[in-house]
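Chemist: Sending over a structure as structure tokens; questions will come in a sec.
The values are calculated or read from the model by the stated rules, or taken from the named source; none is laboratory data. Keep in mind that this is a model prediction, so the values were computed, not measured. Glycine gets a Cβ as well: all are built from the backbone with ideal geometry, and neighbour counts include every protein chain shown. In case anyone asks, the SASA skips ligands and DNA or RNA and just uses the protein heavy atoms, side chains included. Shrake-Rupley method; radii C 1.70, N 1.55, O 1.52, S 1.80 Å.
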Amino acid sequence: MSASVPDLSVARSRRVDDTAPRTAELVTGPMPEPDLPAAEDAARAFLVALGVDLDRPGLDRTPLRMAKAYAELFRPRPFEMTTFPNDEGYDEMVVARDIEFTSVCEHHLLPFTGHATVGYLPADRILGLSKLARVVELFARRPQVQERMTQQVARWLQEHLEPKGVGVVLTAEHTCMTIRGVQAQGSSTTTSALLGRVREDARTRAEFLAIASR
């Protein structure tokens, strides 16, 4: 299973050097603008092929609603990745826990939902805390597999923030397991990605995983 990070459209909103009080990058996802009329027609044909009676009251606008819902699920919101100089020389873990996310299994196009724990060891710069959640959303809002998404979040932070280390843990419930097939109600899947000192240093790794498991 490939864990490579796909190309992203990243436009620097203003150019500053590393001594500036902050830097900001406007970040958008890789998906093109949706063609809602075409998606609506395809949704209508799909539902009719499955025997759904779209002439029944309440279903006449379902294809459009379906198209809009998937368009939303496949498009992360643009955000500014704002960083600040680490003037205080902070060298302990920065961890955000219980970041809720929703993604879509690329094999069945059924949702999976869960929460993420994302942490890093700062180097020269620190990241605005809310941006950790926005990076999770950046990779959740597309057809996904959980293993890939976990590594994408970690590698994106490593590349753009250049910290001493990164740790990411995702735990999610997949409806492709709970409402179809094996119907394993209540099951969840946990994946992790550790980079830099969070992976290489045993004490740092244990600290992050202990925080993630609380």
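Yes or no, residue by residue, for (1) basic (Lys, Arg); (2) surrounded by 12 or more Cβ atoms within 10 Å (Cβ to Cβ); (3) free of Cβ contacts under 8 Å to residues at least 40 places away in the same chain:
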| residue | (1), (2), (3) |
| --- | --- |
| 40 | no, yes, yes |
| 46 | no, yes, yes |
| 51 | no, no, yes |
| 67 | no, yes, yes |
| 75 | yes, yes, no |
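Chemist: While we're looking at this one, here's another question. Among (1) more than 30 Å from residue 205 (Cα to Cα); (2) surrounded by 14 or more Cβ atoms within 10 Å (Cβ to Cβ); (3) among the charged types (D, E, K, R), there is one condition residue 55 misses while meeting the rest; what is its number?
Modeler: (2)
Chemist: Answer with yes or no whether residue 142 is of a type in the set (Lys, Arg), surrounded by fewer than 24 Cβ atoms within 10 Å (Cβ to Cβ), in contact with a Lys or Arg (Cβ under 9 Å, 6 or more places away or on another chain) and more than 13 Å from residue 96 (Cα to Cα).
Modeler: Details: of a type in the set (Lys, Arg): yes; surrounded by fewer than 24 Cβ atoms within 10 Å (Cβ to Cβ): yes; in contact with a Lys or Arg (Cβ under 9 Å, 6 or more places away or on another chain): yes; more than 13 Å from residue 96 (Cα to Cα): yes.
Criteria met by residue 142.
Chemist: A further question follows. Return yes or no: is residue 101 in a strand (DSSP E or B), surrounded by 19 or more Cβ atoms within 10 Å (Cβ to Cβ) and on the phi < 0 side of the Ramachandran plot? So that I can check it myself, show each step before the final result.
Modeler: Values: in a strand (DSSP E or B): yes; surrounded by 19 or more Cβ atoms within 10 Å (Cβ to Cβ): yes; on the phi < 0 side of the Ramachandran plot: yes.
Judged against the criteria, residue 101 is a match.
Chemist: Still on this structure, please answer the following. Determine if region 125-137 includes at least one residue that is within 10 Å of the chain's Cα centre (by Cα), among the basic types (Lys, Arg) and surrounded by 15 or more Cβ atoms within 10 Å (Cβ to Cβ). Give the steps one after another, and end with the answer.
Modeler: Step one: filter region 125-137 for residues within 10 Å of the chain's Cα centre (by Cα), giving 132-137.
Then drop every residue that is not among the basic types (Lys, Arg), which leaves 134.
Next cut, surrounded by 15 or more Cβ atoms within 10 Å (Cβ to Cβ) only: 134.
Yes, there is a match, as at least one residue in region 125-137 is within 10 Å of the chain's Cα centre (by Cα), among the basic types (Lys, Arg) and surrounded by 15 or more Cβ atoms within 10 Å (Cβ to Cβ).
Chemist: Which residue is most open to solvent (accessible area, probe 1.4 Å), if the candidates are limited to region 158-211 and must be among the charged types (D, E, K, R) and not in a loop (DSSP other than H, G, I, E, B)? Can you show your working first?
Modeler: Pass one, region 158-211, residues among the charged types (D, E, K, R): 159, 162, 164, 173, 180, 197, 199-201, 203, 205, 207.
Still in the running and not in a loop (DSSP other than H, G, I, E, B): 159, 173, 197, 199-200, 203, 205, 207.
Values: 159: 121, 173: 78, 197: 101, 199: 149, 200: 147, 203: 201, 205: 80, 207: 76 Å².
Among those that are among the charged types (D, E, K, R) and not in a loop (DSSP other than H, G, I, E, B), it is 203.
Chemist: Considering only region 180-212, state which residues are in contact (Cβ under 8 Å) with a residue 40 or more places away in the chain and out of contact with any helix residue (DSSP H, G or I) (no Cβ under 8 Å at 6 or more places or on another chain). Walk me through how you get there before you give the answer.
Modeler: Looking only at region 180-212, we keep the residues that are in contact (Cβ under 8 Å) with a residue 40 or more places away in the chain, and these are 180, 188-189, 191-198, 204, 207-209, 211-212.
Of everything in region 180-212, those that are in contact (Cβ under 8 Å) with a residue 40 or more places away in the chain and out of contact with any helix residue (DSSP H, G or I) (no Cβ under 8 Å at 6 or more places or on another chain) turn out to be 180, 188, 207, 209, 211, 212.
Chemist: Still on this structure, please answer the following. When residues of region 89-98 are filtered for being touching a residue at least 60 places away in the same chain (Cβ under 8 Å) and either in a strand (DSSP E or B) or under 11 Å from the mean Cα position of the chain (by Cα) (or both), how many remain?
Modeler: Residues meeting the conditions: 2.
Chemist: Name the pairs whose Cβ atoms lie under 8 Å apart, with the first residue in region 157-169 and basic (Lys, Arg), the second part of a loop (DSSP other than H, G, I, E, B) and open to solvent by 10 Å² or more (accessible area, probe 1.4 Å), and 6 or more positions between them or separate chains?
Modeler: Taking only residues 6 or more apart or on different chains, the pairs are 164/91; 164/123.
Chemist: Related question: Which of (1) of a type in the set (A, V, I, L, M, F, W, C); (2) surrounded by 17 or more Cβ atoms within 10 Å (Cβ to Cβ); (3) within 28 Å of residue 186 (Cα to Cα) does residue 110 not meet, given it meets every other one?
Modeler: So the condition that residue 110 fails would be (2).
Chemist: Further question: Over 24 Å from residue 66 (Cα atoms) and either of a type in the set (D, E, K, R) or part of a helix (DSSP H, G or I) (or both), is that true of residue 116? Even if it seems obvious, please write down each step before you answer.
Modeler: Numbers: over 24 Å from residue 66 (Cα atoms): yes; either of a type in the set (D, E, K, R) or part of a helix (DSSP H, G or I) (or both): no.
Against the criterion (over 24 Å from residue 66 (Cα atoms) and either of a type in the set (D, E, K, R) or part of a helix (DSSP H, G or I) (or both)), residue 116 does not qualify.
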